[in-house]
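Taking it in order: structure first as structure tokens, then the write-up.
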2 protein chains.
Amino acid sequence: METTKFLLHESDMPRQWYNIMADFPRPPLPPLGPDGNPITPDMLAPVFPMNLIEQEVCTDRWVDIPEEVLNIYKMWRPVPLVRARGLEKVLGTPARIYYKNESVSPAGSHKPNTAVPQAYYNKIFGIKRITTETGAGQWGCALAFACTLMGLECKVYMVRISFDQKPFRRLMMETWGAQCLPSPSTETQAGRNMLQEFPDTPGSLGLAISEAIEDAVTDPTGKTRYSLGSVLNHVLMHQTIIGLEAKKQLVLAGEKKVDTVIGCVGGGSNFAGIAFPFVLDKMNGADIDIIPVEPTSCPTMTRAPFSYDHGDLAEMTPLLPMHSLGHKFMPPPIHAGGLRYHGVAPLISHCINLGLVSPRAYDQVDVYDAATTFARSEGIIPAPESGHAIAAAIDEARKAKEEGKERVILFNLSGHGLMDLRGYDLYFRGELVNYPLPEAEIAKSLHNMDKYPKAQA
Amino acid sequence: METTKFLLHESDMPRQWYNIMADFPRPPLPPLGPDGNPITPDMLAPVFPMNLIEQEVCTDRWVDIPEEVLNIYKMWRPVPLVRARGLEKVLGTPARIYYKNESVSPAGSHKPNTAVPQAYYNKIFGIKRITTETGAGQWGCALAFACTLMGLECKVYMVRISFDQKPFRRLMMETWGAQCLPSPSTETQAGRNMLQEFPDTPGSLGLAISEAIEDAVTDPTGKTRYSLGSVLNHVLMHQTIIGLEAKKQLVLAGEKKVDTVIGCVGGGSNFAGIAFPFVLDKMNGADIDIIPVEPTSCPTMTRAPFSYDHGDLAEMTPLLPMHSLGHKFMPPPIHAGGLRYHGVAPLISHCINLGLVSPRAYDQVDVYDAATTFARSEGIIPAPESGHAIAAAIDEARKAKEEGKERVILFNLSGHGLMDLRGYDLYFRGELVNYPLPEAEIAKSLHNMDKYPKAQA
């Protein structure tokens with residue numbers, strides 16, 4: 001009998017996260033404050049609990065996962081590593097394709113891997129309430145899920161257009177006891193200002209971030225903090241359990257080495273999760289292609305410069321050293337909402353600059369081609385975000401076929417697509433389109449970036 | 001560290017289904033044909049492949065699960081047995097509550113447990129195409145999933161009102177390559193007749209069954225068969241892998257005995273799946289409460305007589321010996337669409353008649369109370385159908401608390417609720433209602449049943 005699923009026993013689940021900060025040949029640039037100087041931990045204290053701020057700047061290679069977090073991880077972890085035999089057969093490839101199935105979490109994606117520890121660290125720091133923003137809704141759902149299990153209140157500012165178009169995501173959050181409201185809201189100054197000026201605005205992720213941060217820092221009890229689902233160092237570190245599990249499971253599968261590691265990139269957390277443990281091997285001399293994949297319509301890694309930029313539209317965050325299309329960039333309305341972010345995590349930007357990873361971009365229609373092929377051969381309907389990783393995996397498997405080479409390809413299935421089926425509908429009807437991005441539009445978006453400090457790659 | 005999830009190794013997954021037909025102290029009554037005589041296998045041959053018909057009448061206690069089916073089961077099975085510590089804590093109960101998490105299948109419910117073997121047996125019998133009906137959409141999705149993996153065509157007649165109201169279910173089926181069309185359709189005589197008489201009809205499950213059967217039996221190539229997702233003996237048998245796994249996992253959890261086993265009942269397949277292996281123990285003298293749970297608005301087990309009745313509105317099926325509200329009964333529009341069936345499987349009806357199981361009914365609002373309590377304490381959003389089992393489990397756990405007794409309660413979480421969140425929305429807004437069912441309405445529905453042969457319980 002052919003085994004297709006490689007399970008790790010709970011007792012073999014990793015008990016530490018991997019912190020790539022310990023291993024870079026040279027450290028990444030620091031985030032800068034409004035004065036152009038590196039920010040200090042106390043400047044972040046009104047926004048995040050100090051234990052998470054310490055994790056953000058930590059340089060230990062291994063960080064213990066708290067017991068209470070491990071206990072909740074065990075609700076759905078370790079997640080299966082799956083040999084994609086159905087997909088291999090359809091492609092007729094000599095490559096062996098494996099994927100980590102992060103869609104099995106109760107929230108349907110990898111996001112709970114960081115939502116749970118973030119809720120935990122807030123709780124033990126004495127915080128009672130967490131605010132956040134959400135665009136498509138994956139992150140808001142994951143944080144709502146984590147907060148109900150930790151006994152924390154959760155308030156999610158959801159970009160209004162998504163709030164209106166995706167009532168089911170809001171309902172998931174409410175079922176888990178969170179409050180979810182459309183942004184702009186009347187509950188913050190930032191929201192009220194926007195509503196006064198543009199009463200009909202569809203909202204934006206940047207504004208929702210501003211509202212969530214304002215809500216947290218203005219709570220007079222001091223018991224509210226803000227939480228972010230990607231981009232930051234500690235968030236990416238929490239996700240490394242994906243790659244650490246995968247490494248152990250590849251051994252169970254009898255694989256001595258992996259040739260290619262693939263993940264999709266919005267802010268970068270799921271890619272970092274599967275890839276960083278393999279980037280470590282690469283830094284130690286292993287021959288591995290590591291491919292972060294983005295949409296051609298939001299090409300932060302493949303077409304944007306490396307520079308200092310804000311993480312949000314409203315310029316409330318520190319300046320981060322990253323590949324960025326400019327914080328005013330408005331990505332086209334692709335269905336992979338989780339990949340519509342103007343920048344990419346500083347740690348991944350640093351990997352790009354060091355030549356450790358090789359970014360690639362795909363058009364939307366090609367992504368749905370790949371996602372549908374996967375659904376019909378492997379039986380799991382992928383999130384459109386994950387479809388980007390699948391597209392690259394399929395291309396790599398085809399290349400292996402052309403070259404007649406056995407290759408071992410690993411990708412991350414970051415989530416299922418059950419809450420995001422509209423894109424499939426358009427695709428089946430032949431109405432799904434691509435959004436080519438002219439160079440002039442990128443230049444326009446980068447137009448005002450000159451005022452920020454220069455960042456050397 | 002407290003363990004909450006009990007996993008079975010793939011190699012310990014049951015390799016046989018349990019067939020309760022082997023163990024009844026007296027056999028159930030046979031299905032009858034239009035002439036009032038027991039039907040013979042060849043009468044079913046145009047509808048089902050002969051290998052499944054043989055399984056339908058089989059009396060062997062254990063039936064081997066084919067290797068190819070086991071391989072696909074392994075995509076998501078064995079599924080976890082979970083100790084519901086979060087729920088126990090909220091209830092403050094001394095009971096130990098366990099649930100089988102069938103929501104982890106790619107289709108989101110227990111239905112693939114029978115969809116996969118049904119597709120398999122059709123395939124090896126030389127069938128190329130399967131037709132079926134679906135109401136809420138769970139079954140249609142499961143069969144679409146199974147057919148794409150087996151390389152079969154799949155055509156699903158979906159009740160028109162659901163087709164219009166639940167586009168996401170249709171999209172899941174299409175993503176898996178199935179054809180899904182609204183019933184009544186213009187593709188069958190039954191559909192055309194209905195459209196001519198009632199062009200605006202919302203459709204019904206009974207009519208959709210008629211269309212799917214007509215489509216199968218009129219295919220001139222003879223390579224099409226029909227598939228049913230519940231009620232029949234072989235379907236219930238395929239689901240027994242749930243209870244067989246649970247038994248092994250309860251041993252891993254250190255439990256020497258289980259006191260209460262609970263599942264929700266529409267046609268009865270998920271209940272039979274978790275319960276029949278324990279009904280066997282009960283027939284052998286074990287002291288176990290086995291509770292099938294239904295909605296008060298569709299009280300087949302708690303208020304309907306045992307009689308011979310058709311399985312469908314259009315009277316195309318044989319007469320089945322079952323507790324039934326009459327095949328013309330139109331259940332109120334509760335959100336647990338999978339429990340809106342006028343009858344209950346003959347094997348479960350027989351268990352009721354033998355006193356082996358103790359049916360119970362819950363109001364819709366109480367079900368959502370229970371489902372929400374579960375979502376917030378265990379982190380999984382249940383399907384409204386599964387909410388019925390949760391309601392009973394919570395009541396049993398509260399009773400254990402009142403009596404100060406340690407009891408071991410096992411229930412089946414038949415599926416997740418991510419595709420059915422509208423009911424939660426109404427519940428949170430206080431707009432969800434119950435549908436009390438007056439005795440007169442039941443009497444009216446049973447009015448014309450006198451013409452059928454009598455069935456003695």
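The values are calculated or read from the model by the stated rules, or taken from the named source; none is laboratory data. Just so we're clear, the structure is a prediction, and the values are computed from it rather than from any experiment. For neighbour counting, all protein chains shown are included, and Cβ atoms are generated from backbone atoms with ideal geometry for every residue, glycine included.
Couple of notes before you dig in:
- Looking only at region A:122-149, and only at residues there that are without any contact (Cβ under 8 Å) to a residue 60 or more places away in the chain and surrounded by fewer than 24 Cβ atoms within 10 Å (Cβ to Cβ), the one that is farthest from residue A:181 (Cα to Cα): A:123
- The number of residues in region A:178-195 being within 14 Å of another protein chain (Cβ to nearest Cβ) and in contact with a Lys or Arg (Cβ under 6 Å, 6 or more places away or on another chain) comes to 2.
- Evaluation of residue A:119 against (1) among the small types (Gly, Ala, Ser); (2) touching a Cys at 6+ places or on another chain (Cβ under 7 Å); (3) within 11 Å of another protein chain (Cβ to nearest Cβ) (one fails), failing number: (3)
- When region A:164-177 is filtered for residues that are in contact (Cβ under 8 Å) with a residue 40 or more places away in the chain and more than 10 Å from chain B (Cβ to nearest Cβ), only A:166 remains.
- Considering B:201, B:240, the condition of being more than 17 Å from the chain's Cα centre (by Cα) and either among the hydroxyl-bearing types (Ser, Thr, Tyr) or modelled with pLDDT of 95 or more (or both) is satisfied by B:201 alone.
- Among (1) modelled with pLDDT under 95; (2) surrounded by 13 or more Cβ atoms within 10 Å (Cβ to Cβ); (3) within 14 Å of chain A (Cβ to nearest Cβ), the one test that residue B:9 misses: (2)
- Unmet criterion (only one of (1) in contact with a helix residue (DSSP H, G or I) (Cβ under 8 Å, 6 or more places away or on another chain); (2) surrounded by fewer than 23 Cβ atoms within 10 Å (Cβ to Cβ)) for residue A:95: (2)
- Leading residue by the ranking (farthest from residue A:108 (Cα to Cα)) among those in region B:390-432 that are among the aliphatic types (A, V, I, L, M) and within 12 Å of chain A (Cβ to nearest Cβ): B:426
- Positions within region B:251-293 being under 13 Å from residue B:393 (Cα atoms) and acidic (Asp, Glu), in sequence order: B:259, B:289
- Yes/no for residue B:254 being on the phi > 0 side of the Ramachandran plot and not charged (D, E, K, R): yes
- Single unsatisfied condition, residue A:368 versus (1) in a helix (DSSP H, G or I); (2) more than 14 Å from chain B (Cβ to nearest Cβ): (2)
- Test: residue in region B:86-97 that is more than 13 Å from chain A (Cβ to nearest Cβ), assigned to a loop (DSSP other than H, G, I, E, B), under 24 Å from residue B:233 (Cα atoms) and touching a Gly at 6+ places or on another chain (Cβ under 7 Å): no
- Filtered residues of region B:390-409 (kept if surrounded by 22 or more Cβ atoms within 10 Å (Cβ to Cβ) and in contact with a Leu (Cβ under 7 Å, 6 or more places away or on another chain)): B:394, B:397
- Failed criterion for residue A:220 (all others in (1) free of Cβ contacts under 8 Å to residues at least 12 places away in the same chain; (2) of a type outside the set (Phe, Trp, Tyr); (3) assigned by TED's automatic domain parsing to the domain that holds residue A:387 hold): (3)
- Identity of the residue in region A:58-85, within 12 Å of chain B (Cβ to nearest Cβ), under 18 Å from residue A:379 (Cα atoms) and not charged (D, E, K, R), that ends up surrounded by the most Cβ atoms within 10 Å (Cβ to Cβ): A:84
- Lone unmet requirement of (1) away from chain A (no Cβ under 14 Å); (2) within 19 Å of residue A:426 (Cα to Cα); (3) charged (D, E, K, R) for residue B:200: (2)
- Qualifying residue in region B:58-70 (condition: in a helix (DSSP H, G or I) and either in contact with a His (Cβ under 6 Å, 6 or more places away or on another chain) or among the aromatic types (Phe, Trp, Tyr) (or both)): no
- The sole residue among A:163, A:168 that is closer than 30 Å to residue B:89 by Cβ, part of a helix (DSSP H, G or I), touching a Lys or Arg at 6+ places or on another chain (Cβ under 9 Å) and modelled with pLDDT under 95 is A:168.
- Scan of region B:336-364 for residues that are of a type in the set (Ser, Thr, Tyr), assigned to a loop (DSSP other than H, G, I, E, B) and more than 14 Å from residue B:320 (Cβ to Cβ), ordered by number: B:358
- Here residue B:107 qualifies as surrounded by 22 or more Cβ atoms within 10 Å (Cβ to Cβ), within 14 Å of chain A (Cβ to nearest Cβ), assigned to a loop (DSSP other than H, G, I, E, B) and at pLDDT 95 or above.
- Among residues that are buried (at least 24 other Cβ atoms within 10 Å of the Cβ), farther than 14 Å from residue A:99 by Cβ, touching a residue at least 60 places away in the same chain (Cβ under 8 Å) and among the charged types (D, E, K, R), residue A:420 is included.
- Any hit, region B:418-429, residues being within 24 Å of the chain's Cα centre (by Cα), among the basic types (Lys, Arg) and in a helix (DSSP H, G or I): yes
- Some residue of region B:148-160 being at pLDDT below 95 and either closer than 20 Å to residue A:423 by Cα or more than 12 Å from chain A (Cβ to nearest Cβ) (or both): yes
- Taking region B:307-335 as the range and being among the hydrophobic types (A, V, I, L, M, F, W, C) and buried (at least 22 other Cβ atoms within 10 Å of the Cβ) as the test, the residues that pass are B:319, B:320, B:322, B:325, B:329, B:334.
- Which numbered condition residue A:180 fails, given (1) assigned by TED's automatic domain parsing to the domain that holds residue A:396; (2) in a strand (DSSP E or B); (3) without any contact (Cβ under 8 Å) to a residue 60 or more places away in the chain: (1)
- Region B:71-84: number of residues that are part of a helix (DSSP H, G or I) and touching a residue at least 40 places away in the same chain (Cβ under 8 Å): 2
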